[in-house]
1. Condition (residue is in contact with a Ser or Thr (Cβ under 6 Å, 6 or more places away or on another chain), assigned to a loop (DSSP other than H, G, I, E, B) and buried (at least 16 other Cβ atoms within 10 Å of the Cβ)) applied to the range 232-249: is it met by at least one residue?
2. Output the qualifying pairs, or none if there are none: Cβ atoms under 9 angstrom, residues six or more apart or on different chains, first residue in the range 194-209 and away from the ligand (no atom under 13 Å from the Cβ), second residue open to solvent by 60 Å² or more (accessible area, probe 1.4 Å) and charged (D, E, K, R).
3. So how many residues does the range 181-191 have that are open to solvent by 30 Å² or more (accessible area, probe 1.4 Å) and either touching a helix residue (DSSP H, G or I) at 6+ places or on another chain (Cβ under 7 Å) or under 20 Å from Leu205 (Cα atoms) (or both)?
4. Which residue pairs have Cβ atoms under 6 Å apart, sit 6 or more places apart or on different chains, and have a first residue in the range 158-183 that is of a type in the set (Lys, Arg) and a second that is at pLDDT 95 or above and open to solvent by 60 Å² or more (accessible area, probe 1.4 Å)?
5. State whether one or more residues within the range 32-55 are touching a residue at least 60 places away in the same chain (Cβ under 8 Å), among the hydrophobic types (A, V, I, L, M, F, W, C) and out of contact with any strand residue (DSSP E or B) (no Cβ under 8 Å at 6 or more places or on another chain).
6. Filter the range 2-35 down to residues that are assigned to a loop (DSSP other than H, G, I, E, B) and of a type in the set (A, V, I, L, M, F, W, C), then give me how many there are.
7. Assuming Arg36 fulfils every condition listed in (1) open to solvent by 20 Å² or more (accessible area, probe 1.4 Å); (2) closer than 21 Å to Lys217 by Cα; (3) within 14 Å of the ligand (Cβ to nearest atom) apart from one, which condition is it?
8. Hey, does the range 168-176 have a residue that's within 29 Å of Asp251 (Cβ to Cβ), more than 10 Å from the ligand (Cβ to nearest atom) and open to solvent by 60 Å² or more (accessible area, probe 1.4 Å)?
Amino acid sequence: MENRRAFWREKVVLITGASSGLGLALARHCHAAGARVGLIARRVELLQAHCEELSRQGGRCAWHAADVRSREELERAVAALELALGPCEVMIANAGIYRRTNATCWATAAAEDVFAVNLAGVVNAIGCVLPGMVERDRGNIVAISSLLAFSGYPGAAAYSASKMAVLRLLDGLRIDLRKSGIRVTTVCPGYVDTPMITDRERAELRSLVSAPIAAKKIAAAIEAGRPMLVFPRSMYWLLRLAGLLPYRLLDTILGRQPELEETQTSRERPSTGIEEHGD
Ligand SMILES: NC(=O)c1ccc[n+]([C@@H]2O[C@H](COP(=O)([O-])OP(=O)(O)OC[C@H]3O[C@@H](n4cnc5c(N)ncnc54)[C@H](OP(=O)(O)O)[C@@H]3O)[C@@H](O)[C@H]2O)c1
């Protein structure tokens, strides 16, 4: 507990996708441990409300609206948050969406959006803070991938591919930064109970982890500088073992799984387009 507090005390933590779900749970967790948290997402009312909630508990918190698909918007947001809180020491590139991309009713626009948020959004977030971290030779880069990075899945071709790309992106950064003071952590969760999960899935899915529990696991991995966090481990090993099966058999088995459902949260929202922020 004391170690945890020592790691996070006054640390400047920027989190994308902090308006709901896992990002919000991470913001609450880090803030409770003493960090100064900067919240980034598009929904201004939510960012404002969450920031007010955290500020009432003491400690520092600030928010800035940005669409992670836009490098310029994100750069403005990170610059404003660093001005308010200090240089970023932990970047958690968490913003992500799930869109259905079933091959039988293919929608290129949906696939493009998945890559723009889940991959370009992570690249943009890292790009905003990495030069500063390299200069100071310290910091933590964290991105939220998924267990679906390890396998194809019905209706989720673009989502799986985007998460695999994030995994490899961080693998490469970790190699480049191996002799530096910067730690790189890839997080691959299974199902986490957030607004990304539909009510039917919530009722049916096994191994659904709550967002606060997932945030606690992720924070512990960041504190320890772990290169990779996967959970639940049973699901991870099942997917890795399944990967050893012949493709035709694997496709048949996975093809029997129900498609993941799209929720309203992942659908298109306009880019913020306005520079709104507060602390
Ligand atoms: N839930 C799961 O089972 C699960 C499993 C594995 C991995 N993950 C990953 O965990 C991460 C968090 O997802 P979640 O489950 O917490 O879902 P969520 O509750 O829907 O949260 C997604 C967050 O991303 C933000 N976001 C989406 N598009 C954005 C954009 N263009 N620009 C800026 N922010 C954007 C949303 O904020 P605004 O709409 O306000 O912008 C929201 O704060 C995602 O990367 C997801 O892929 C989730």
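The values are calculated or read from the model by the stated rules, or taken from the named source; none is laboratory data. Predicted model only: the values in this text are computed from it and were never measured. When we count neighbours, we look across all protein chains shown, and the Cβ atoms used for this are built from the backbone with ideal geometry, even at glycine. Please note that ligands, DNA and RNA were not included when accessible areas were found on the heavy atoms of the full protein model with its side chains. Shrake-Rupley method; radii C 1.70, N 1.55, O 1.52, S 1.80 Å.
1. Yes, the range 232-249 contains a residue that is in contact with a Ser or Thr (Cβ under 6 Å, 6 or more places away or on another chain), assigned to a loop (DSSP other than H, G, I, E, B) and buried (at least 16 other Cβ atoms within 10 Å of the Cβ).
2. none
3. Counting residues in the range 181-191 that are open to solvent by 30 Å² or more (accessible area, probe 1.4 Å) and either touching a helix residue (DSSP H, G or I) at 6+ places or on another chain (Cβ under 7 Å) or under 20 Å from Leu205 (Cα atoms) (or both) gives 1.
4. Qualifying pairs under 6 Å: Arg174/Pro227.
5. yes
6. Kept after step one, since they are assigned to a loop (DSSP other than H, G, I, E, B), are these residues of the range 2-35: 9-11, 17-20, 33-35.
Then keep just the ones that are of a type in the set (A, V, I, L, M, F, W, C); that gives 18, 33, 35.
Selection size over the range 2-35: 3.
7. Of everything listed in (1) open to solvent by 20 Å² or more (accessible area, probe 1.4 Å); (2) closer than 21 Å to Lys217 by Cα; (3) within 14 Å of the ligand (Cβ to nearest atom), Arg36 misses just condition (3).
8. Yes, the range 168-176 contains a residue that is within 29 Å of Asp251 (Cβ to Cβ), more than 10 Å from the ligand (Cβ to nearest atom) and open to solvent by 60 Å² or more (accessible area, probe 1.4 Å).
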